[in-house]
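Attaching a single structure in structure tokens format; questions to follow.
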Amino acid sequence: MARSELRPIVRLRSSAGTGYAYVTRKSRRNDPDRLQLTKYDPVARRHVLFREER
């Protein structure tokens, strides 16, 4: 089965400047803007804001 373009793979990069990133999928219909999530950064050892990069 082909992967849907409605749910593309996005890379979430840490705003702490550590270079750590999460890879996930998002719904273009529900989140047309860039995604921002607070997640754990193991390099900084705390929760920080992760922003979608394209």
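The values are calculated or read from the model by the stated rules, or taken from the named source; none is laboratory data. Being a predicted model, the structure only gives us computed values, none of them experimental. Note that we place each Cβ from the backbone using ideal geometry, even for glycine, and neighbour counts take in every protein chain shown.
To keep it simple, each residue is scored yes or no on (1) acidic (D, E); (2) loosely packed, with under 11 Cβ neighbours inside 10 Å; (3) touching a Leu at 6+ places or on another chain (Cβ under 9 Å); (4) modelled with pLDDT of 95 or more.
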{"site": "A2", "(1), (2), (3), (4)": "no, yes, no, no"}
{"site": "S14", "(1), (2), (3), (4)": "no, no, yes, yes"}
{"site": "A21", "(1), (2), (3), (4)": "no, no, yes, yes"}
{"site": "D31", "(1), (2), (3), (4)": "yes, no, no, no"}
{"site": "D41", "(1), (2), (3), (4)": "yes, no, no, yes"}
{"site": "L49", "(1), (2), (3), (4)": "no, no, yes, yes"}
{"site": "E52", "(1), (2), (3), (4)": "yes, no, yes, yes"}
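Taking interchain pairs and intrachain pairs at least six residues apart, which have beta carbon atoms under 8 angstrom, with the first residue in segment 21-39 and more than 19 Å from R3 (Cα to Cα) and among the small types (G, A, S) and the second in a strand (DSSP E or B) and modelled with pLDDT of 95 or more?
Short answer, once both residue conditions are applied: A21/R11; A21/L12; A21/R13; A21/S14; A21/F50.
May I ask you to list the residues in segment 1-44 that are of a type in the set (G, A, S) and part of a strand (DSSP E or B)? Write out each step before concluding.
Pass one, segment 1-44, residues of a type in the set (G, A, S): 2, 4, 14-17, 19, 21, 27, 44.
Within segment 1-44, S14, A21 qualify.
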